[in-house]
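First comes the structure, then the notes that go with it.
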Amino acid sequence: MTITVRPATADDAHGLTACIDAAYAPYVAKGLDLPPVSEGIAGDIRDHHVWVATRSDRIVGGVVLVLGDAAHLANLAVHPDAGGQGVGQALIATATSAARAAGYDKLHLATHVEMTGTQGFYQRLGWVEAGRDGNKVYFEIQL
């Protein structure tokens, strides 16, 4: 089935929150000290650039891009049922294109030090580790 990436609307807040919770559930179950990753999604949709990936009208992924002094990928989540199907790549491509179009030359993100699979995903897409602080690993990519 085809994956569609589109801008999120206020009506997507509940579905995107559920998707994010499902995506992070394995890490929460391991006891990782994560921030409240799905908290405030309605506000993110209202205040930032948010896209959802859908398959058959079901949200299977989402990305939050915050543009300010720097471009920051604040959240990327793919539902476990849609893993390995290019959803994350499509969402990152959408966010990177938007940041580039807005005039930014670099995009930043942070992930958890113990989320090594996630780190590998970003590295395969050309992201470079830019530092570590406590349980956070910072990555960046030139646009």
Options Ala10, Ala53; residue that is open to solvent by 50 Å² or more (accessible area, probe 1.4 Å) and of a type in the set (Gly, Ala, Ser):
Ala10
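For every residue, the table says whether it meets (1) modelled with pLDDT of 95 or more; (2) under 22 Å from Trp127 (Cα atoms).
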| position | (1), (2) |
| --- | --- |
| Arg6 | yes, no |
| Asp12 | yes, no |
| Leu16 | yes, no |
| Cys19 | yes, no |
| Leu32 | no, no |
| Ile59 | yes, no |
| Gln85 | no, yes |
| Leu91 | yes, yes |
All positions within the range 70-116 that are polar (S, T, N, Q), within 11 Å of the chain's Cα centre (by Cα) and open to solvent by 50 Å² or more (accessible area, probe 1.4 Å)
Gln89
Filter the range 117-143 down to residues that are open to solvent by 30 Å² or more (accessible area, probe 1.4 Å), closer than 22 Å to Val28 by Cβ and in contact (Cβ under 8 Å) with a residue 24 or more places away in the chain, then give me how many there are.
4
In this structure, does Val37 turn out to be of a type in the set (A, V, I, L, M) and open to solvent by less than 30 Å² (accessible area, probe 1.4 Å)?
no
Looking only at residues in the range 13-24 that are in contact (Cβ under 8 Å) with a residue 40 or more places away in the chain and out of contact with any strand residue (DSSP E or B) (no Cβ under 6 Å at 6 or more places or on another chain), which one is most open to solvent (accessible area, probe 1.4 Å)?
Ala18
What residue, among those in the range 21-80 that are β-branched (Val, Ile, Thr) and part of a helix (DSSP H, G or I), is nearest to Lys106 (Cα to Cα)?
Ile45
Among (1) part of a loop (DSSP other than H, G, I, E, B); (2) within 14 Å of Tyr24 (Cβ to Cβ), which single condition is Gly84 missing?
(2)
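The values are calculated or read from the model by the stated rules, or taken from the named source; none is laboratory data. All values reported here derive from a predicted model rather than from experimental measurement. When we count neighbours, we look across all protein chains shown, and the Cβ atoms used for this are built from the backbone with ideal geometry, even at glycine. These accessible areas exclude ligands, DNA and RNA; they are computed on the full protein's heavy atoms, side chains included. Shrake-Rupley method; radii C 1.70, N 1.55, O 1.52, S 1.80 Å.
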